[in-house]
Every structure is written in structure tokens, then in C-alpha cells.
Amino acid sequence: MNSTVFAPWEDPEKKPLIRFQNVTKKFGTFTAIDNLSLDIYEREFFALLGPSGCGKTTMMRMLAGFETPTSGRIELAGKNIIPVPPNKRATNMMFQSYALFPHLTVWDNIAFGLRREGMEKDKMNARVEEMLRLTRLERFAKRKPHQISGGQRQRVALARSLAKAPTLLLLDEPLGALDAKLRQDTQFELMDIQEKTGTTFVIVTHDQEEAMTVASRIAVMDEGQLIQVATPDRIYETPVSVYVADFIGDVNIIEGKTTLIEDGQYQIDWAEGQMPLHAASSQPFDKGQTCFVAIRPEKVAISAEKPQAADNIVQGKVLDIAYLGNLSTYHVELADGTIIKSQTANTRRIARRSFTWGDTVWLSWTATAGVMLAR
Amino acid sequence: MRKFFLIAVPYAWLLALFLIPFFIVLKISLSDVALARPPYVPQFSWDDGIMAFLRDLDFENFVFLTEDSLYWKAYLSSVSIAGLSTILTLTIGYPLAYGMARAPEEWRATLMMLIILPFWTSFLIRVYAWMGILSQEGLLNQFLMWTGLISEPLMILNTPTAVYIGIVYTYLPFMVLPIYSALDRMDGSLIEAAEDLGCSRLSAFWLVTVPLSRNGIIAGCFLVFIPALGEFVIPSLLGGSGTLMIGKVLWEEFFSNRDWPVASAVAVILLLILVIPIVLFQRNQQDAEEAAK
């Protein structure tokens, strides 16, 4: 591995490969992309993440050239690409439906783009063979798309879009049609191929787990705007808003009013009859300001006996247990009706668990476990 | 048992409405003409038996077809008129079907309706309407003279041009519908994928759209060519005496000359000519079904 961490976005000297500058896209009266600016760097595996209708697919289609922005500028390697038609762009796209040509064999599908370039026969054969090897499809070269499985079709689509060695590869929900197990394997395969080819990948997905696994950076989108652009761990650990915290993974959100104790330490009054919570934040909060504390379930400890020392301790009753095999998520109802989720690893056999449905339990977490959010 | 009935129904249909009539026609084609009612001497009768039939068997009516140049000229001219009409129908029908398939979703049902609508009126009435449009004093000539494009009325009715217009008009829906259904099924992202991989709009059309609508094109062409080959009403009403088509020859042989045996021989040969495209059509349909699976 490289000794330096791959993080071109932190280097102010580095020129981005793709640059969205104040891009707006309207469909009639509907604003799909709202004055958005974004830089994506070379060799990145960049994920556009959001619920359906958030504008992520429109972003990708503008990069491919299928949509023209209403206003703003899109640069690829320093050049404005808005007037360039899709067939003249150094980008290739892998479609959600794969869009394999049903009348052509796997081999001809992969060779399709190379033929349009007018590549020499020998070079083209070599390139197609290379792509077949990369995606482990050698045995299926002579088959038509309807004669292979879904996973194989996905790999043909990938091979076809990589064959022309694009500067930028766009992947539109590339794994959406695969079952869970195959999807996991394919995620690692995608990362492998991205590393081997050194191509910049931009992936569109609504699956947060997929984005977390594959991406170097994630852009969380909502209603045509970027909510947060950061590395997966930053997005998970320090979300900027309740929306991001809630969209990525499981989270407990507790709403309350803040009081400063000492620098960075706050007391949060959140419900009548409950002890105030303690939380830390580097962001300043005014006295009495409404704040949301986001705490991940795995950072909440659950125990049958009251823990000795902890910044926050609450008591409640086990309402529900979601057993996931390796993990269990406990839904604990507090006296005021608030439900807090706690997740623990099942390190002991299930029969030896010291509490079950209806039992009174104690939940505890540290002041730094949660993130204080203003909105 | 249920399976047997399911298969038996179409076969019974085929037997009653195709095979039996065909054998009657075949029998007449082997007979001799006579001044009688019906106007032929049966070659085969149950009294004399099969041996007498085979002993007296001759193909004089079929031989006659080769002797008089009228017949093979009529066959040839029918094939060429039907072939050219098919090409013309395809040229007009494909863009129509393409436009329909690309039209906004809410318009498609209406457009489809407009294609089918002419079938609600009698075919004969529509052909008569074309006589009114194409004749020397017809609407078309009046319009052209009014615009000043021509000073003398054009002779369209009773020429092959009128036959082509009639066939293209009548059979256009048979071309449009299968092509439309092929284009409608096509995934729009295929065209985008082709463009993404370096195709211009036009080359994407030739390399993706046309091959994927191939089955629709073939089905449409056969659906036009097969009935157009034996077409009788259109050439006789619009084509005048100058147009030679086998359907018309057959009709004249049967009703004007009352030579049933020769007319039957003409019909048998016409059927044999049609068997080739019909078999090809069937094979195409089977391929299409397999590809769709």
C-alpha cells in the first residue's frame, strides 16, 4: 500500500478531473439540480447517494451528455464539455438495465465501441480479450446476452464500458439487479477493477451500504442539492445534518435544548423527568438552542445492571429484539415513551443472554459517542 | 384428452377451411372443361374409382398455362407489383411506426386507433373512394389544377400507379403494427448506450434500431406481400385493363370464360408460389418467439 493516503481533495494544488460549477437543471418547472458545485478528482471512486428523485441520476446523465444543464458549467479535465455530444465524450456509462445489445454476442458487445473508433483488427481483438479476462468472461464470449446469467450480464456491461479506456466511467446503480450475496462479491470486484485500471469511477446508488463499501468519497444528495460530500467514515461519524445521519445507517436522534457547561461540553435537556444528557461538540451552540443528538446504536451499551460510571445513563424496558446472527439490535422503551436502539455483538450464545423481552435494562453512552446537530 | 382437443380445433379448422377447398380446386384443375353445369367433367368419380382416375390423369390445364404467355406474364407482373408495393409500404410504414413508438405515452393509444380506424369502413367503399380521388375529374386533379401545378389533368386512375397507391393504402396497417410492436418493446437505453460508445444518431439507428426491429420488418413485409400477390379488387377497380395481375386473370378465367379447370390450375400455381413466403414467414415468427424467451 502507498504510505500516503489517497486524498486529492485535501490538496489545494490538485486540479479536479470533473468540475461542476453552479449547475442548475430544470425539467419544465421542476428543478432537478439546484445551483450545485462539485469537484471530483482523478482516480476517485465517487458515489452519488440519495433517495430516488434526488437528482443523482440527472447529475450522471449530464456527465454522459444525455442531459444539458439549464445553466452553469461542467468541466472535464479543464474543458467545458456541455456542447460535446455523448458520442464524442471521453466518458462511458454502465447502464442500470445494462443495455446490452441483444442481437450481438458478448464479444461483439464489448467490441462495439472499439469498432466505432475504427481500431485495427489485431489491437481490437487483443483489447476485447483483455476485457474478457479482466471480467472473467472468456468462456461466454460467443453467447448472446439472453444466454447468460444476471451477474455475467453485469460483467459484460462493465467490460463494454471499460473497453474504450474512458477517462471517466459512470455507473448507474450497477448492482441494483443482483441478489445480496452476489452484490457483495461484485462490490469488491468493482473496487479491484477500479484499482487495476486506474479509471475514475462515478457511481450512482440509493444503497448506502454499497456507497460506503466502494467509494473513496460520497456525496449525499437531497432535492437537487449536495447535503454533504466527504469520505465514508466522515459521513458516518460526523454527519452534518439529521438527514445525513438518518440516511446513512441506523441512528437514534434525541431532540433537546443546550446549555454550555465548559468549552465543548454541553448539557442537553430533552424530556421531562429525565436526567439531562451530556454531549461534546466542537461547533458552538447557543444557550437554549434546539439541538439534535445523533447516536449510533452500536455506541450505546446495554446492561442488566446499572453501569458504574458513564456520561449518560438511562433506564428502560426491552421492547423488541432484532436478531441478526452476529449482532442484535435492542429497541428499548424509556419511561416517557422514547425508543432508543442499542446494538451489540452476540459474543455469547443466545441462551446465555442476561435479558430478554420486557426486562428492565440500562443504556449508557459517553459524551463523545453522539454528534450534536443543529438541523 | 384435453390436449387432444386443443390441438384438434386448429387442425379441424385447417381441414375444413383450407385443405378440403384446396383439394376441390385441385380436382377441378385436373378435369376437362365442358358446356355443362358445373362447367367441367369431373376427373375423379367414386363410381370409377382411383384406378380410372390415375389412368386418365393428365395435366393439360397446367401445360396450357405454360403455352399461353399471358399466364406467366401475369404471375411475374403480380410478383413485381406485390414486391414493389411491399417496399413502398415499408418506406412509408417504418417512419410511421417509429414516430408512433417515440411519441409520448399518452398519445400512442390514439395514434394506434388512427391506424386501425380505416378498417371500420368497408374495404370496397374505401377503394371506390380512391377512384373518386384519382380519376381525371377527381379531387386530386382538381386540387393540383387549382394550385396551378398542372394545367392538364393527370392520368392516374387505370394505371399501375393507382394500383400501387391502392395496395400501399390498404396494407399500410399490416406493415405498421408489427414494426411498431417491435420498436415499442425496445429498451430506449440501448440507443443511449450506442451513442455513449461512439455512435452518431444515424449509425445508432442502423446498428441497433434496425436490427432489433428486424422481425417486425420481416413480419410486416410478408403480411403485405402475401395478400398483395393474389390481390384482385384493387387492380380490377383502380388498375384498368393495362394492369396485369394474376388475381384478375383468375377472376376473368372463372367468370368471363367459365373455364373452371384452367382457373383452378391458375389458383393451384398461385398457392404454390405463396407457399414459399408463407413458410419463410412462419420460420421468422418462430425465431422471434424463441428470441423473446
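The values are calculated or read from the model by the stated rules, or taken from the named source; none is laboratory data. These figures come from a predicted structure and were not determined experimentally. When we count neighbours, we look across all protein chains shown, and the Cβ atoms used for this are built from the backbone with ideal geometry, even at glycine.
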Return yes when A:Val214 is crowded, with 19+ Cβ neighbours inside 10 Å and touching a strand residue (DSSP E or B) at 6+ places or on another chain (Cβ under 9 Å) and no when it is not. yes
From the list B:Ile115, B:Ile179, B:Ile150, which one is assigned to a loop (DSSP other than H, G, I, E, B) and touching a helix residue (DSSP H, G or I) at 6+ places or on another chain (Cβ under 7 Å)? B:Ile150
Can you tell me how many residues within the stretch A:138-155 are among the small types (Gly, Ala, Ser), closer than 19 Å to A:Leu182 by Cα and either touching a residue at least 24 places away in the same chain (Cβ under 8 Å) or in contact with a helix residue (DSSP H, G or I) (Cβ under 8 Å, 6 or more places away or on another chain) (or both)? 2
Any hit, the stretch B:276-289, residues being part of a loop (DSSP other than H, G, I, E, B), away from chain A (no Cβ under 14 Å) and loosely packed, with under 14 Cβ neighbours inside 10 Å: no
With the checklist (1) in contact with a Phe, Trp or Tyr (Cβ under 9 Å, 6 or more places away or on another chain); (2) exposed (fewer than 13 other Cβ atoms within 10 Å of the Cβ); (3) over 30 Å from B:Pro261 (Cα atoms); (4) not acidic (Asp, Glu) in hand, flag the one item B:Thr66 doesn't pass. (3)
For residues in the stretch A:112-122 being farther than 25 Å from B:Leu183 by Cβ and in contact with a helix residue (DSSP H, G or I) (Cβ under 8 Å, 6 or more places away or on another chain), which is surrounded by the fewest Cβ atoms within 10 Å (Cβ to Cβ)? A:Met119
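One line per residue, one yes/no per condition, for (1) more than 14 Å from chain B (Cβ to nearest Cβ); (2) under 24 Å from A:Arg43 (Cα atoms):
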| site | (1), (2) |
| --- | --- |
| A:Ala77 | yes, yes |
| A:Pro86 | no, yes |
| A:Thr91 | no, yes |
| A:Val106 | yes, no |
Which of the following residues is in contact with a strand residue (DSSP E or B) (Cβ under 9 Å, 6 or more places away or on another chain), surrounded by 15 or more Cβ atoms within 10 Å (Cβ to Cβ), over 15 Å from A:Met131 (Cβ atoms) and not small (Gly, Ala, Ser): A:Leu178, A:Leu170, A:Leu158? A:Leu170
Please specify each residue of the stretch A:240-263 satisfying the condition of being of a type outside the set (A, V, I, L, M), modelled with pLDDT under 90 and surrounded by 18 or more Cβ atoms within 10 Å (Cβ to Cβ). A:Phe247, A:Gly256, A:Thr258
Candidate set: the stretch B:23-39, residues that are more than 16 Å from B:Phe64 (Cα to Cα) and surrounded by 15 or more Cβ atoms within 10 Å (Cβ to Cβ); chosen: the one modelled with the lowest pLDDT: B:Pro39
If we scan the stretch B:227-243, do we find a residue that is within 14 Å of another protein chain (Cβ to nearest Cβ) and not polar (S, T, N, Q)? no
Among the candidates A:Thr360, A:Thr338, which residue alone is hydroxyl-bearing (Ser, Thr, Tyr) and under 20 Å from A:Asp250 (Cβ atoms)? A:Thr338
Of all residues in the stretch A:132-168, which are away from every other protein chain (no Cβ under 14 Å) and among the small types (Gly, Ala, Ser)? A:Ala141, A:Ser149, A:Gly150, A:Gly151
Scan the stretch B:206-213 and give yes if some residue there is among the polar types (S, T, N, Q), under 28 Å from A:Gln147 (Cβ atoms) and outside any helix (DSSP H, G or I), otherwise no. yes
If B:Ala101 passes every condition in (1) touching an Asp or Glu at 6+ places or on another chain (Cβ under 8 Å); (2) surrounded by 14 or more Cβ atoms within 10 Å (Cβ to Cβ); (3) under 15 Å from B:Trp260 (Cα atoms) but one, which one does it miss? (3)
Answer with yes or no whether B:Val224 is free of Cβ contacts under 8 Å to residues at least 24 places away in the same chain, farther than 30 Å from B:Leu35 by Cα and among the β-branched types (Val, Ile, Thr). no
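Quick check on the stretch B:185-201. Is at least one of its residues away from chain A (no Cβ under 11 Å) and surrounded by fewer than 18 Cβ atoms within 10 Å (Cβ to Cβ)?
Checked against the condition, which is being away from chain A (no Cβ under 11 Å) and surrounded by fewer than 18 Cβ atoms within 10 Å (Cβ to Cβ), the stretch B:185-201 yields no hits at all.
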Can you work out which of the residues in the stretch A:303-340 that are without any contact (Cβ under 8 Å) to a residue 24 or more places away in the chain and part of a loop (DSSP other than H, G, I, E, B) is nearest to A:Thr366 (Cα to Cα)? A:Ala309
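For every residue, the table says whether it meets (1) more than 27 Å from B:Ile234 (Cβ to Cβ); (2) not acidic (Asp, Glu).
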residue: B:Phe18; (1), (2): no, yes
residue: B:Leu30; (1), (2): yes, yes
residue: B:Glu67; (1), (2): yes, no
residue: B:Tyr75; (1), (2): no, yes
Which numbered condition in (1) of a type in the set (Gly, Ala, Ser); (2) more than 14 Å from every other protein chain (Cβ to nearest Cβ); (3) under 24 Å from the mean Cα position of the chain (by Cα); (4) crowded, with 17+ Cβ neighbours inside 10 Å is the only one that A:Gly72 fails? (3)
